[in-house]
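The values are calculated or read from the model by the stated rules, or taken from the named source; none is laboratory data. Being a predicted model, the structure only gives us computed values, none of them experimental. Cβ sites come from the backbone with ideal geometry, for glycine too, and all protein chains shown count toward neighbours. Note: accessible area is taken over every heavy atom of the protein model, side chains too, but ligands, DNA and RNA are not part of it. Shrake-Rupley method; radii C 1.70, N 1.55, O 1.52, S 1.80 Å.
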Amino acid sequence: MADKRDYYEVLGVSKTASDSELKSAYRKLAKKYHPDMNPGDAEAEKKFKEASEAYAILSDPDKRRQYDQFGHAAFENGGGGAGGFDFSGMDFGDIFGDIFGSFFGGGGASRASNGPMRGANLRAAVHISFEEAAFGCEKQIEIVLKEECANCHGTGAKPGTSKRTCSKCGGKGRVMVTQQSLFGMVQNVTTCPDCHGTGEVIDTPCPDCNGTGYVPRKKKIAVSIPAGIDNGQSVRIREKGEPGRNGGPRGDLLVEVIVSNHPTFHRRDYDIYSEAPISFAQAALGGEVIIETLDGKVSYEVKPGTQTNTQIRLKGKGIPSLRNKAVRGDHYVTLIVQVPTSLSKDAKEALRKYDELTGNTTVGGPKSVKAEKKRKGFADKIKDAIDDL
Ligand SMILES: [Zn+2]
Ligand SMILES: [Zn+2]
C-alpha cells in the first residue's frame, strides 16, 4: 500500500479539481490506456486500473471527502484484500455509462439493474384562496394516473399467454460485458438488450396496454392542504406518481399550491399586511375602529392624534404556522386618515369653524374669490390641520 500513488496525482489534477475536470482527466487517461487500445500491454492495463480506481473514489463526494481526510487509509479496512481496492461496491455501470457512453459503441455499458425501481414523481397544481391557504382545506384534483391494466392484470401479456423468462440473461436482467475480465473482481454488467432489464420477455403483448401492464386513467385524488401553506409550496402525496418498475413502489404526486391574491390582505411569511381607513375625526379624537382580519371584524381603539400611515399590530391575527397551526403570525394594519371629499353644508360650516378655532384664516362666503382659492387647497389644509393636532 505504501507505494500507492496519490489519486489526484494519478489523474493529474489539483486537489480542488471540479467534477468535470476529474471526468475529463479520467476520460483522457482511460482512452489512452484502455486495454482495447493496448492489447497485451500489462503496463497500460495497470495504468488503466489505477486511473479507474482514482476516478471511482474522487468522483464520489463521500469517498472523496474520506480520501481527502484519511488518504488511502480510508479504504484499507473495506475488505479490499491484500493491497487491493474493493471494486465490488462500486457502480461501474454508472461510471462507464457516463464516461464511455459512446466509447464502447452501441449502447455500451449503462445503468444495469433489474432490481425494484421507484417510479417517477408526478406533478400537479391546485388553486386555492388566501383564506384556504391560511386555515388549510381539502381539495380534489383530477389527474391521469397509470393504473394496472384490467385485461392482463398488469402482466403486459395477452390473457391466455404468459411472460417467459428471458433466455439471453436467464431472467437476471443483466448480462456480463467482455470488459469484465480486465478488472479482476469487477462485476461489470449491462442491462440485457432483450428484456431491457426486466428478466422477462412478452411474446404476445396485451392489446389493451401494449404490453406495458398499465393503462392511463383519470383519477380524482383528495389533497389535504395544511394550514399556513404559501403560494408555490407543494403537498406530497405518497405513491400517487408513476408506477415503479420490477416491483418498486410508485413515485409521489407533488401538488403545487397556487394561492389567489386577497383584495386587501398581503402576506409576507406568516404576517399579514393591510390598510384600514379611519376618519379625520377618529384620527384626531381617537376611538373605536373596526378592522377586517382573517378572523372577521375586530374592534381596535385608536389613540387620539393618530397620524396617517400609522402602523398598528394585531398580535396573533396572522397566518398559522405550517409546523404548528396554534402559532400564528401578526397582522399589521396601516391606518390611512381619510380626507373628506363631499361635505354637507353644515359639515363645511363646522370645518370652517374648526379652522378658525385652530388659528387659520378661512373667511368670507363660498362665492368669494379668496374662498375659491382656499377650496382648491382644501386637502392640503386638512393635512396641515391634522399635523397640527
Ligand atoms: Zn394489459
Ligand atoms: Zn434478458
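For the reader, a short list of remarks on this structure follows.
- Meets criteria (closer than 30 Å to Pro159 by Cβ, surrounded by fewer than 13 Cβ atoms within 10 Å (Cβ to Cβ) and out of contact with any Leu (no Cβ under 9 Å at 6 or more places or on another chain)) for Lys220: yes
- Selection status of Glu200, within 16 Å of ligand 1 (Cβ to nearest atom), touching a Lys or Arg at 6+ places or on another chain (Cβ under 7 Å) and open to solvent by 40 Å² or more (accessible area, probe 1.4 Å): yes
- The set of residues from segment 203-249 being hydrophobic (A, V, I, L, M, F, W, C) and either under 30 Å from His262 (Cβ atoms) or within 16 Å of ligand 2 (Cβ to nearest atom) (or both) comprises Ile221, Ala222, Val223, Ile225, Ala227, Ile229, Val235, Ile237.
- Subset of segment 161-180 (residues that are open to solvent by 90 Å² or more (accessible area, probe 1.4 Å) and either modelled with pLDDT under 90 or in a loop (DSSP other than H, G, I, E, B) (or both)): Ser167, Lys168, Lys172, Arg174, Met176, Thr178
- Checked against the criterion of being touching a Pro at 6+ places or on another chain (Cβ under 9 Å) and loosely packed, with under 13 Cβ neighbours inside 10 Å, the candidates Arg250, Arg245, Arg268, Arg238 yield just one match: Arg238.
- Residue, farthest from ligand 2 (Cβ to nearest atom), within segment 136-157, restricted to residues that are farther than 15 Å from Pro216 by Cβ and open to solvent by 90 Å² or more (accessible area, probe 1.4 Å): Glu138
- Residues within segment 241-278 that are part of a strand (DSSP E or B), touching a residue at least 12 places away in the same chain (Cβ under 8 Å), closer than 19 Å to Tyr332 by Cα and not acidic (Asp, Glu), tallied: 7
- Qualifying positions in segment 29-48 - assigned to a helix (DSSP H, G or I) and either among the small types (Gly, Ala, Ser) or farther than 19 Å from Arg64 by Cβ (or both): Ala30, Lys31, Lys32, Tyr33, Ala42, Glu43, Ala44, Glu45, Lys46, Lys47, Phe48
- Count of residues meeting criterion [open to solvent by 60 Å² or more (accessible area, probe 1.4 Å) and in contact with a Phe, Trp or Tyr (Cβ under 8 Å, 6 or more places away or on another chain)] in segment 291-320: 2
- Members of segment 321-361 found to be small (Gly, Ala, Ser), open to solvent by 50 Å² or more (accessible area, probe 1.4 Å) and either in a loop (DSSP other than H, G, I, E, B) or in contact with a Gly (Cβ under 9 Å, 6 or more places away or on another chain) (or both), listed by number: Ala326, Ser342, Ser344, Gly359
- Tabulated pairs, segment 4-15, first part of a loop (DSSP other than H, G, I, E, B), second among the aromatic types (Phe, Trp, Tyr) and surrounded by 14 or more Cβ atoms within 10 Å (Cβ to Cβ), C-beta under 6 angstrom, 6+ apart or interchain: Lys15/Tyr8
- Of all residues in segment 188-199, those that are in contact (Cβ under 8 Å) with a residue 12 or more places away in the chain have Cβ atoms under 6 Å from Cβ atoms of residues that are outside any loop (DSSP other than H, G, I, E, B) and within 16 Å of ligand 1 (Cβ to nearest atom), 6 or more apart or on another chain, in Cys195/Val201.
- Each residue in segment 142-175 was checked for being within 13 Å of ligand 1 (Cβ to nearest atom) and on the phi < 0 side of the Ramachandran plot, and 14 pass.
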